[in-house]
Ligand SMILES: Cc1cc2nc3c(=O)[nH]c(=O)nc-3n(C[C@H](O)[C@H](O)[C@H](O)COP(=O)(O)OP(=O)(O)OC[C@H]3O[C@@H](n4cnc5c(N)ncnc54)[C@H](O)[C@@H]3O)c2cc1C
Ligand code: FES
Ligand code: FES
């Protein structure tokens, strides 16, 4: 084990301090140390998007980020996107369209789709499919997910 | 994943000192999309990870129609294609920057990392070669420049010596009547490693009927991304025609010396090299005409 | 109100667990945190076949932060014993040896030891310090090679069972069985067209996004609790009790949310190892697999070799069919070849049939159920042969299927006679679909296009055991406890059936999936049984509640219970119009007349989940130069019996189709000569992404299942069955070349086109 590093960061608008080993990924820190288990581990190598979070306004796979790299960054996780009392339109549309089955991929899809809509409020179906190609879902065949995102567009 | 220490130098000089002190036991971290996965899977081991993203030169991104494009070695793909002016001037490079991993990977992955990782299948390397990219390297003995086509020496190996690292990449301004194109073949439509990737840049005559010059590079068919000089030269001075393009495609295919692996047999890769080269040169010609 | 006269069934309410899942609050197996938690991981074999000569754990045990190491020697050694785990019968000795190898490793990735440490990284470091001495043995990974005389033998003590009798022959063939009906030779003699073809398919994985996990606490009193993601908590309890040789009463399984299973999350892998590690350390131990461990160390569905022969008369009647089916079992016997044999010709009414099935051990992971296990391999063969016959006869392939379609009374070659089924209705709906009627536009970019169809069948298992326990709240809402884990919205589909029965809204029911100490035995969520079987229990629960509420009303109103009616959600006394109340109104008073209202029901219905039939239509575009196949349009038609929540029925269809597309076009375990899988990652295993697909159109046919009060049929599995064959037929239509080997990946397609001038 190497020395733990003190990291200061902002998660979902709240200042958060933590200690971690340099080898701990941001995903591990979020899940194991900070009780943010909404981000899921599907592959641990950047291929499924289940761990996606927004870091300084940019979508990243948190399994491919070191926890220490979060120092000074602002991070948004699924927990920060909406709550039962105040669902984000994407969350509402995922529910209405039955865009989840087992739901393990859902946080990653919603975080990714939010990053898309933040950047491009009116994506076409092709743009949605391209943006979400790094998010794997094995249950739905994507049909209802893509529809939910399209339906959550500003112009929809 | 074994334990390591982590450092964030804020200047090129500091980074050189750290890397020189640790020699082979240190490695550079840019976006981490190769490095973190390799460390985790114990394909690599290190004592010190030197995160270069806090160094200004590594984050620079500038374009000038007179002097060309400079990309800091750690600039992630999304910043490059997110710059409308750069995207318009270097569409061939954008072809590749837009297809590295998924959107989340592009939020971190850099061209510098792609080059230094020196995978034969690195997608941004063939377009960087055909755009006559040049790598600026810093090290204990100061800085030096190396053409991108000479940068990779073997799978996972580069010209970088102990203590050296990549600072930036430079590309000349595009010429009039020029166009570049990159395409790879993968079984899916995203999230895959190239079975074959081909980059081409062409400069056409004023009436766009013939090639003034051309550069062609092929990925995943040799131990390093391959600059097929003779394929480009075969086009120079020739008319733009199916026949000349086919000849260049044949030369690219002949230059390819692929291996068979689970991504494709050698035979299939050779075949694809010729198919893709033809399509990519056609794409580059199309862009040169636009 | 939905069109079939139901109030709740057929509507699309938001699922009960939805908000938790879209906000990231739902707790999946790997999300659990416990005080004093240790982290475990597994040491795995680098060889596909080797004798374990020695395991030295001393260096690992001495590593700082390591708390315990276990090997097969910590497991009780058990004798051969068969157990029914829900989707498959397994031998418990094999199951134990699969959890931790004893004596021999039989595939690369076979678990040999487990480590618990203060964190996962330390545990992973320790794994490298476990020294295993192997005597490497020759290996065999292909089914036909494994059947040859002289092939390396996996189990020196395994004698082939043939036609129900154990023989003296030691071979990798665990079992050969035969189903015969009529006289195939006579049938072929009658036929004007006879086609015989060979097919191969490769090992594929379920590919659920959540990796396996288990957290165990073995407390001081010897009580074991496991928190895990599983398709069947009770099945895990049984397996734990058997593998660890402890009473079921000492084992409690807490099923947490599960991130996909498709048949792959029934067998235990980590759970017994975590339990042993917890026992040794006195701490809770959490284990999760990495993705490569999931590929290499859990049960995929088998590669196979099939030879299918079918004959038809010139007026388009199938007269005979035979099949030779050899399926890889993996390291231990038990491939789904039996299920495949039950499905292979089932969409058809064929008088003369013979099917020979072989279950063959190879040095690959022990295979497991995957969505209609065995049926997709089988349909790939049958449905392409049917396509060829239709073409030879010059008839529309769907018309041909309608003409020869199975119906009520048709006998399956393996014995059973069909009850009322929707085979022909489904095919007709495909035939009449806008998609099939439309013409396929030519490609503008030099590529070629084609259309293909295929059908498929899956049994749907018998209802099985299900328990439901409910209590009525004074506001008339209902807490409903169930033992069926919810993988894709079954809380909603079961709650909806209860709501329908008692005249409430779906949202008035609060469904909870609970642990094995809190509910009666419930079989796995698998075999497409849950909406059928546990829904059956929900209906029975509703009936019990109505009876009980009538009793309460009888006391409250002081009238005889048998004079109280329940209709349209309202209780009323026949002789006095004043005495009436809705379920909710009565619930608010019922407690005063005999305490809280509760009901517990358990069922094990005789009838089955009703045969499920599907017919698919696909349009593809083929790049002849690269061999790449793109899907332009896809329509899936399926008989759902009654669609309880149509969105989730569509979702099952779409998900199954896309898994079938992956299987058809790219997915496969690629082995090198060393017997190692070379593509054990999502990057290289290549499951479809958003960009590889169009929208998946669905047409739900409803031919009610007579065995279920609401007509439900299982819907989860059959949609994976037709896609590979439909794609093969579409590729043929586009190129004129038939592909008979899966996957039809670009290199294969390109090679086939080059060789056949297609
Ligand atoms: C899911 C996934 C999909 C991917 N898809 C693709 C793809 O489609 N095409 C493709 O080409 N690649 C792909 N990659 C690989 C990877 O994303 C790219 O190679 C990326 O460009 C690497 O950049 P990085 O900034 O993340 O590099 P890092 O991981 O930070 O570094 C890569 C290597 O270069 C070294 N290095 C980095 N910067 C420097 C420097 N300035 N000086 C010296 N050495 C340096 C590192 O030490 C390391 O060895 C994929 C990776 C993942 C995880
Ligand atoms: S877990 Fe990070 S991308 Fe899969
Ligand atoms: S809903 Fe299960 S993986 Fe997407």
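Read-outs throughout are calculated quantities, based only on the coordinates presented, and are distinct from any laboratory measurement. Quick caveat, the model's predicted, so the values are computed rather than measured. No Cβ is skipped: glycine too gets one built from the backbone with ideal geometry, and neighbour counts run over all protein chains shown.
Where both partners of a DSSP beta bridge lie in the protein assembly as shown, what percent of those bridges are antiparallel, to the nearest 5? Before the final figure, lay out the partial values.
Working: 162 of 204 bridges.
Expressed as a percentage, antiparallel bridges in the protein assembly as shown total about 80.
Please report how far the C-alpha centroid of segment C:368-414 lies from that of segment A:118-152, rounded to the nearest whole angstrom.
35
Compute the acute angle (0 to 90°) between the alpha-carbon long axis of helix B:12-22 and the principal axis of greatest extent of the alpha-carbon atoms of chain B; round to the nearest 10°.
Helix B:12-22 sits at roughly 70 degrees to that axis.
How much FRET efficiency would the formula 1/(1 + (r/R0)^6) give for residue A:19 and residue C:185, where r is the Cβ-Cβ distance and R0 is 45 Å, rounded to 0.05?
Values: r = 77 Å, r/R0 = 1.71.
The formula returns an efficiency of 0.05 here.
Place a point 7 Å from the Cα of residue B:25 along the Cα-to-Cβ direction; which residues of segment B:41-64 have their backbone N under 14 Å from it?
Under cut-off, by backbone N: B:45-49.
Looking only at B:175, B:166, B:48, which one moves most when chain B is put into a Gaussian network model with springs between Cα atoms under 10 Å?
B:175
Can you give the extra length, in nm with one decimal, that the chain gains between residue B:162 and residue B:247 once fully stretched, where that is 0.36 nm per residue apart less the Cα-Cα distance? Mind showing how you got there, number by number?
Working: separation 85, 0.36 × 85 = 30.60 nm, distance 4.19 nm.
My answer for the length gained is 26.4 nm.
Mind ranking A:78-84, C:382-388, B:79-85, C:420-426 by how tightly packed they are, going by the mean number of other C-beta atoms within 10 angstrom, highest first?
Details: A:78-84: 19.7, C:382-388: 25.6, B:79-85: 16.1, C:420-426: 24.0.
Result, highest mean first: C:382-388, C:420-426, A:78-84, B:79-85.
Could you tell me the relative contact order of chain A? Use alpha-carbon pairs under 8 Å, at least six residues apart, and round to a whole percent.
On the way: 291 pairs, mean separation 36.7, N = 156.
Once divided by the residue count of chain A, the mean separation gives 23 percent.
Using only Cα atoms, find the angle between the long axis of helix A:106-119 and the longest principal axis of chain A, and express it within 0 to 90 degrees, rounded to the nearest 10.
80
Across the residues of A:49-55, average count of Cβ atoms on other protein chains within 10 Å?
Working: counts 8, 3, 1, 4, 1, 2, 3.
So the per-residue partner count for this stretch is 3.
Sorted by mean Cβ packing within 10 Å, highest first, what order do the peptides C:504-516, B:101-113 take? Intermediate values should be presented prior to the final figure.
Working: C:504-516: 20.3, B:101-113: 27.7.
Packing order, densest peptide first, comes out as B:101-113, C:504-516.
Within segment C:646-681, what residues put their amide N at less than 11 Å from the label point 7 Å along the Cα-to-Cβ vector of residue C:748?
It comes to C:663-669, nothing else.
Pop the C-beta distance of residue B:213 and residue A:2 into the FRET formula with R0 = 45 Å and round what comes out to the nearest 0.05. Kindly include the intermediate steps, with their values, before the conclusion.
On the way: r = 52 Å, r/R0 = 1.15.
In this case the efficiency is close to 0.30.
Does segment B:5-54 classify as rounded, prolate or oblate by the C-alpha gyration tensor (a ≥ b ≥ c root eigenvalues; a/c under 1.5 gives rounded; else a/b over b/c gives prolate, otherwise oblate)?
Numbers: a/c = 2.84, a/b = 1.51, b/c = 1.88.
Verdict is oblate for segment B:5-54.
What FRET efficiency do you get for residue A:118 and residue B:44 if R0 is 35 Å and r is their Cβ-Cβ distance, rounded to the nearest 0.05?
Values: r = 35 Å, r/R0 = 0.99.
The value I calculate is 0.50.
If I model a spin label as a point 7 Å beyond the Cα along the Cα-Cβ vector, how far apart are those points for residue B:14 and residue C:673 in nm?
5.2
Run the quick spin-label model on residue C:510 and residue C:606: label points 7 Å from Cα toward the beta carbon, then report their separation in nm to one decimal.
Output for this residue pair reads 3.9 nm.
Please rank C:12, C:529, fewest neighbouring Cβ atoms within 10 Å first, as an exposure proxy. Intermediate results must be reported in sequence, preceding the final value.
Working: C:12 18, C:529 28.
With the fewest neighbours first, C:12, C:529 line up as C:12, C:529.
What spacing in nm lies between the two simple spin-label points modelled at residue B:175 and residue C:135, each 7 Å away from Cα in the Cβ direction?
7.0
Find how much the distance from residue B:67 to residue B:85 grows on full extension, using 0.36 nm per residue of separation minus their present alpha carbon separation; answer in nm with one decimal. Walk me through the numbers on the way to the answer.
Numbers: separation 18, 0.36 × 18 = 6.48 nm, distance 1.41 nm.
Stretched out fully, the residue B:67 to residue B:85 stretch lengthens by 5.1 nm.
Alpha carbon centre of segment C:217-277 versus segment B:97-166: separation in Å?
49
Is chain C rounded, prolate or oblate when judged by the Cα gyration tensor, a ≥ b ≥ c being the square roots of its eigenvalues, rounded requiring a/c under 1.5 and prolate requiring a/b larger than b/c? Before the final figure, lay out the partial values.
Numbers: a/c = 1.81, a/b = 1.08, b/c = 1.67.
Oblate is the answer for chain C, as a/c is 1.5 or above yet b/c matches or exceeds a/b.
Using the 10 angstrom Cβ neighbour count as an exposure proxy, how do A:124, A:140, C:525 rank, fewest first? Spell out each step's value before the answer.
Working: A:124 11, A:140 27, C:525 33.
By the 10 Å Cβ count, ascending: A:124, A:140, C:525.
Evaluate peptide C:656-668: per residue, the Cβ atoms of other protein chains within 10 Å of its Cβ; return the mean as an integer.
On the way: counts 2, 2, 7, 3, 1, 1, 3, 0, 0, 2, 4, 0, 1.
That works out to 2 on average.
Between segment C:643-705 and segment A:35-84, what is the separation of their alpha carbon centroids in Å?
For segment C:643-705 versus segment A:35-84, the Cα centre distance is 26 Å.
Can you list the residues of segment B:155-170 with backbone N under 13 Å from a point 7 Å past the Cα of residue B:143, pointing along Cα to Cβ?
Under cut-off, by backbone N: B:165-170.
Helix B:266-289 against the longest principal axis of chain B: what's the angle in degrees, Cα atoms only, rounded to the nearest 10?
Long axis of B:266-289 versus the principal axis of chain B: about 80 degrees.
Please state the relative contact order of segment C:75-210 as a whole percent: Cα pairs under 8 Å, 6+ residues apart? Present the calculation step by step, with values, prior to reporting the outcome.
Details: 103 pairs, mean separation 12.8, N = 136.
Over segment C:75-210, the number comes to 9 percent.
Within 10 Å of each Cβ in peptide A:19-29, how many partner chain Cβ atoms are there on average? Round it to a whole number, please. Could the numbers behind the result be given before it?
On the way: counts 0, 1, 7, 9, 11, 4, 4, 1, 0, 3, 0.
The mean count of partner-chain Cβ atoms within 10 Å per residue comes to 4.
Which whole-number percentage describes the relative contact order of chain C, with Cα contacts under 8 Å and a sequence gap of 6 or more? Don't skip to the answer; put the middle values down first.
Values: 2026 pairs, mean separation 112.2, N = 758.
Computed value for chain C: 15 percent relative contact order.
Let me make sure I get this right: for segment B:149-276, a, b and c are the square roots of the gyration tensor eigenvalues over alpha carbons, sorted descending. Under 1.5 in a/c it's rounded, otherwise prolate if a/b > b/c, else oblate. Which is it? Write down the numbers at each step before the final one.
Numbers: a/c = 1.99, a/b = 1.23, b/c = 1.62.
Here segment B:149-276 falls in the oblate category.
Arrange B:39, C:37 by Cβ neighbour counts within 10 Å, fewest through most, would you? All intermediate terms of the calculation are to be shown ahead of the outcome.
Details: B:39 21, C:37 17.
Lowest count first: C:37, B:39.
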